[in-house]
Amino acid sequence: MRVCVTGATGFIGAQITAKLVAAGHEVRVTVRDRRRLRALEGLEVESVQANVLDRRAMRRAFARCELVFHAAGLVASRPESEVWRVNAIAPRLAVEAAARAGVRRLVLTSSVGALGPARGGRAANEQNSWPEEGTGFLYTDAKHEGELAAFEAGDRLGLEVIAVNPAYVLGAAFNRMIAGETSTRIVANYMRGRLPAVVDSYTNVVDVEDVARGHVLAARKGKAGQRYILGGDNLRWSEVIDRVAKLSGIEHPLLVVPPGVATAAGALGRLGAGFGPMEGMRLMAPDWRYSSAKARRELGYAPRSATETLRRTVDWYLELIEDDRLPPHRTRSFDVASSAIHLADRFGLLLPLKVGGNLAGRRTVI
C-alpha cells in the first residue's frame with residue numbers, strides 16, 4: 001500500500017514511518033526542511049517538500065496514496081499564530097487535500113489535551129466533556145479545534161477520518177543520535193539538574209513506539225469518525241521523577257507544588273516573564289489522567305508499563321549525555337530556578353518544607 005506521513009521527522013511521526021516501512025508499505029513523507037530527514041536515517045522512503053498549510057503541495061504529496069497519517073503538529077505555546085494554524089487549521093486542509101487526491105482513509109494525530117482534563121477524580125475517556133470556555137491552553141484548544149474540523153471535513157467530503165489521542169509521550173527517538181524534543185525534555189532536564197519543580201498532579205505516560213503502533217492499528221481497525229486514546233499508566237509527576245531518579249542513579253532536589261499554586265504562578269508568569277518554569281507548572285496542574293480501554297478493546301492496543309517506558313527514555317538520554325549530544329542550555333530561567341533549589345538544599349533550607357509537608361500529609365520536596 002502507498003502511504004503518506006506528514007510530520008514524519010517528528011518524535012511520533014518517525015516511529016510511525018518506521019513501522020510502516022517494516023510492514024512493507026511504500027511510504028512517502030512530507031518535509032519542510034530536508035535536513036530533518038536525518039530523523040529517518042536508514043529508512044527507505046520517498047520525501048516530498050511540502051508545507052502542511054499549502055493546499056496544493058499537500059494534494060500533490062497525497063497523490064496516488066490510499067492512506068494518510070497526518071502526524072504534523074506544533075507542541076508549543078509560541079508563536080501563537082503559528083501554533084494555531086498548524087494545530088487547528090492544517091488538519092482540515094489535510095483532509096480536504098486527501099479527499100481531492102482520492103485517499104480512502106486518514107489517521108489524525110490529535111492529543112489527549114483535545115479532550116480536556118479529567119474531572120471528578122477519575123480518568124477521562126473519549127466521551128469527556130469539553131469545557132465551554134476551553135482549557136486556557138493554546139496548544140490543547142488548537143488541537144481540539146483541529147480534530148473537530150478534520151471530522152467535519154471528512155463527513156462533508158466522504159473521507160474516513162480516525163483521530164488518535166496520545167497521552168504524555170516518552171521513550172526513545174527512532175534515530176537515537178538525535179536529542180529529544182518537547183515531551184522528553186523533562187527527563188533530560190531532571191537528569192542534568194535543570195528541573196526546579198513538578199506539580200502534585202497526574203499525567204499519563206506512554207511509550208512513543210506504542211503510540212506509533214496504535215496509529216497503525218487505528219488505520220486497520222479504527223471506525224471512521226471515532227477517536228481513540230493512546231495512553232499508558234496514570235502517575236503523579238512526583239512518581240515519574242522518583243522512577244527516573246531510581247533508573248538513572250541521578251538525584252537532584254526539586255519542589256512539589258500544589259496544583260492551585262502552580263496555576264496561579266503560571267498565570268503570573270504569563271503576565272510577566274512569559275514562557276518558563278511558571279508556565280510549565282501551569283501546564284502540569286490539571287488532572288491529565290486517561291483511560292485507553294476503548295483502544296484496547298477495539299484496536300487491540302496493548303501499551304507497555306510506565307517503568308519500561310521510563311527506562312528506555314533514561315537509557316537513551318544517558319547515551320546522549322555520554323556522547324555529549326545534548327544541545328546547550330537555552331532557558332536561563334530554568335537554570336536560575338534550579339540553581340536556587342540546589343543551593344537551598346545544600347544549606348538545609350528545604351528541611352522546613354519537608355517537615356511542613358509531612359505534617360500536612362503531602363509531599364513538598366523530592
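For the range 92-114, check the following and say yes or no: at least one residue is of a type in the set (Val, Ile, Thr), surrounded by fewer than 20 Cβ atoms within 10 Å (Cβ to Cβ) and part of a loop (DSSP other than H, G, I, E, B).
no
Where in the range 1-65 are the strands (runs of 3 or more DSSP E), entirely inside, with at least 2 residues that are buried (at least 21 other Cβ atoms within 10 Å of the Cβ) and at pLDDT 95 or above? Walk me through how you get there before you give the answer.
Values: elements: 2-6, 26-31, 46-49.
So the answer is 2-6, 26-31.
Hey, among GLU145, GLU126, GLU160, which residue is in contact with a helix residue (DSSP H, G or I) (Cβ under 6 Å, 6 or more places away or on another chain) and either crowded, with 24+ Cβ neighbours inside 10 Å or within 22 Å of VAL216 (Cβ to Cβ) (or both)? Spell out the reasoning first.
Details: GLU145 fails: either crowded, with 24+ Cβ neighbours inside 10 Å or within 22 Å of VAL216 (Cβ to Cβ) (or both); GLU160 fails: in contact with a helix residue (DSSP H, G or I) (Cβ under 6 Å, 6 or more places away or on another chain).
Exactly one of GLU145, GLU126, GLU160 is in contact with a helix residue (DSSP H, G or I) (Cβ under 6 Å, 6 or more places away or on another chain) and either crowded, with 24+ Cβ neighbours inside 10 Å or within 22 Å of VAL216 (Cβ to Cβ) (or both), namely GLU126.
Given the criteria touching a helix residue (DSSP H, G or I) at 6+ places or on another chain (Cβ under 8 Å), at pLDDT 95 or above and farther than 28 Å from VAL261 by Cβ, does TYR168 qualify? Break it down into steps so the answer makes sense when it comes.
Values: touching a helix residue (DSSP H, G or I) at 6+ places or on another chain (Cβ under 8 Å): yes; at pLDDT 95 or above: yes; farther than 28 Å from VAL261 by Cβ: no.
Answer is no for this residue.
Return the pair list, or none, for Cβ contacts closer than 6 Å from residues in the range 340-366 that are within 18 Å of ALA262 (Cα to Cα) to residues that are among the charged types (D, E, K, R), at least 6 apart or on different chains.
Close Cβ pairs satisfying both conditions: GLY357/ARG363; VAL365/LYS354.
Say we look at the range 61-91 and pick out the residues that are free of Cβ contacts under 8 Å to residues at least 60 places away in the same chain and of a type in the set (S, T, N, Q); which of these is nearest to ALA142 (Cα to Cα)?
The selected residue is ASN87.
Looking only at the range 92-112, count how many residues are of a type outside the set (A, V, I, L, M, F, W, C) and in contact (Cβ under 8 Å) with a residue 60 or more places away in the chain. Explain how you work it out, then say what you get.
Just the residues of the range 92-112 that are of a type outside the set (A, V, I, L, M, F, W, C), to begin with: 92, 96, 100, 102, 104-105, 109-111.
Then drop every residue that is not in contact (Cβ under 8 Å) with a residue 60 or more places away in the chain, which leaves 92, 96, 105, 109-110.
The qualifying residues number 5.
Within the range 327-343, count every residue that is buried (at least 16 other Cβ atoms within 10 Å of the Cβ) and either at pLDDT 95 or above or under 19 Å from GLY171 (Cα atoms) (or both).
The qualifying residues number 0.
The values are calculated or read from the model by the stated rules, or taken from the named source; none is laboratory data. All values derive from a computational prediction rather than experimental measurement. Every residue, glycine among them, receives a Cβ derived from its backbone with ideal geometry; neighbour counts consider all protein chains shown.
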